[in-house]
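To start, the structure itself, in C-alpha cells.
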Amino acid sequence: MKYMLKTAADWLEYCAGEMDRAGLYFGHGTDNAHDEAAWLVLHVLGASLDGSFTAWDVLLSPAQQESVEHLLRRRLEERCPLAYLTGTARFCGLDFIVNTDVLVPRSPLAELIAGQFLPWLEICPGSNGRGRVLDMCTGGGCIATAMAVYLPGVEVDAVDISPAALEVALRNVERHNATDRVRLVCSDLFTELDSSGQPGGRYDLIVSNPPYVAAEVFAQLPLEYHAEPVTGLVSGADGLDIVLKILDASPVYLKQRGILVVEVGESAPGLVALLPRVPFLWLEFHRGGDGIFLLEYDQLRACHADVRTVLEQRENV
C-alpha cells in the first residue's frame, strides 16, 4: 500500500490508521490518533503546528516519506511520546524544546496563563515597576516562559531540583527571548529562595505543576508515561508529599494579595480528604482539564496549622 502514499493527506491517514491499530496511548499533546499523525507529518514538513497548515495535497519527497515512516515506526515500537521523537512540543500557543529530562507539557494551566490568571491575579509592582511570579517545579520551563510571554509586566523565578531539566528550561527561555525576565534557580523547592519576608522577596503569584502521581498509580500508567522522568511525576505513596510542602511554605513567599495555583490532577480527592477545612477553589476550564486549585494568601495563612499538622503526622509515620 505504501507505494500509493504520495501526499501529506495520504501519509496522515496511513499514520493515523497504524497508530489506532497499535493501540497507542494519546495524552502528551494530543488525545487521538488523527491529531498525533498530523503532528508527525507537519513536523517532517517543517510546518507550523498552530492549525494554519492547509496544503494537505502537497507531495512528500522520498526523503520526507522516509522520515515520516521512521518516526512512525519509533512511535509504534518504543511507545514513547511523540514529543520526545521530534524534540518539540506545543504549549500555550508556543513551541518548546523537550527531551527525556523533562515532562511533555500538557497542563490546563495554559488556559489560565493565556488569560493572565484573571480575575484572581492582582499585580503589585515592586521598585522596578514589575510584579513577581514563581513557577515551582518548572521542569523544561514551559510554564515559566509562557508566563513571561503572556504577562509582560512580571519577572519570573523558575525553580527545579534537576540541573538537567534547567538546561532544557534555559534553551526555552532563550528561544522566546525571555532571559531578561526569567531567572532559573536550582533548588529543592523553596530552600534557595529569599525567605526574609521583605516585600521584594515575595510573589504576586506562585504557580506549580509539581509531581503529584501516587507510586501505585504510576506503576499502572501506559508505557508512554514511563518514558518521562519519574521524579517529575511521582511524589510518595499518595502523590501529595510535594504538594503539602508547597502549601506549607507558600504563605512565607506570597505577598498579602498573592495567590497560589497548583495542579494536583487525580490526587485532588486525596488532598481534600487530608485537609477538609481548607477552602480549595477548584478551577474549571473551557478546553477541558481539572484538578487545579487556587488559594489566596489569607486562606493559606488561616489553614497553615492544618497543613503543618498533616505534614508532621506523615513525618512521624
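Where a number appears in this text, it was derived from the coordinates with a stated rule and is not lab data. Treat the numbers as computed from the prediction; the structure is a model and nothing was measured. For neighbour counting, all protein chains shown are included, and Cβ atoms are generated from backbone atoms with ideal geometry for every residue, glycine included.
The Cβ shell under 13 Å around residue 99 holds other residues with a net charge of -2, Lys and Arg each +1, Asp and Glu each -1. Between the residues 246, 236, 41, the greatest Cα displacement towards the positive end of the dipole of the chain, with unit charges on the Cβ of Lys, Arg, Asp and Glu, is found for 246.
Using only alpha-carbon positions in segment 101-315, the gyration tensor eigenvalues give semi-axes of 24, 22, 16 Å once each is multiplied by 5 and square-rooted (largest first).
Measuring nothing but how far apart in sequence close Cα pairs (under 8 Å, 6+ apart) lie, relative to its length, the chain scores a relative contact order of 13 percent. Taken about its Cα centre, segment 2-86 carries a charge dipole of roughly 220 debye when the Cβ of each Lys and Arg holds +1 and the Cβ of each Asp and Glu holds -1.
Helix content alone sets the calculated 222 nm mean residue ellipticity of the chain: runs of n ≥ 4 DSSP H residues at -39500 (n - 2.57) each, divided across all residues, give -11500 deg cm²/dmol.
Anisotropy class assigned to segment 8-147 is prolate, per the alpha carbon gyration tensor with a/c at or over the 1.5 cut-off and a/b larger than b/c. Ordering 26, 190 by the number of other Cβ atoms within 10 Å of each residue's own Cβ, fewest first, gives 26, 190. Classify segment 166-278: rounded, prolate or oblate, from the alpha-carbon gyration tensor (a ≥ b ≥ c, eigenvalue square roots; a/c under 1.5 rounded; otherwise prolate if a/b is larger than b/c)? Judged from the Cα gyration tensor, segment 166-278 comes out oblate (a/c at least 1.5, b/c at or above a/b).
Here the relative contact order of segment 83-240, from alpha carbon pairs under 8 Å that lie six or more residues apart, stands at 23 percent. Under the criterion of Cα pairs below 8 Å and six or more residues apart, the relative contact order for segment 2-86 equals 37 percent. Applied to segment 289-302, the Karplus parametrisation 6.51 cos²θ - 1.76 cosθ + 1.60 on θ = phi - 60° returns per-residue 3J(HN,Hα) values of x, 7, x, 10, 10, 10, 9, 8, 3, 4, 5, 5, 5, 5 Hz, with x for Gly and Pro. Is the shape of segment 113-161 best called rounded, prolate or oblate, per the rule: a/c under 1.5 gives rounded, else a/b larger than b/c gives prolate, else oblate, with a ≥ b ≥ c the square roots of the Cα gyration tensor eigenvalues? Because a/c hits 1.5 or more and a/b fails to exceed b/c, segment 113-161 counts as oblate. The local environment of residue 162, defined by Cβ-Cβ distances under 11 Å, has a net charge of -4 under the rule Lys, Arg +1 and Asp, Glu -1. Counting other Cβ atoms within 10 Å as a rough exposure proxy, the listed residues 253, 150 run 150, 253 from fewest neighbours to most. Applying a DSSP loop filter and a limit of 12 other Cβ atoms within 10 Å to the trypsin sites (Lys or Arg not before Pro) in segment 240-317 leaves 277, 287.
Amide H contacts for residue 134 (H built 1.01 Å from N in the peptide plane; partners 5 or more residues away or on another chain; cut-off under 5 Å): 157, 205, 206, 207. Exposed loop sites, defined as GluC sites (Glu not before Pro) outside DSSP H, G, I, E and B with at most 16 other Cβ atoms within 10 Å, are absent from the longest region of the chain, namely 1-121.
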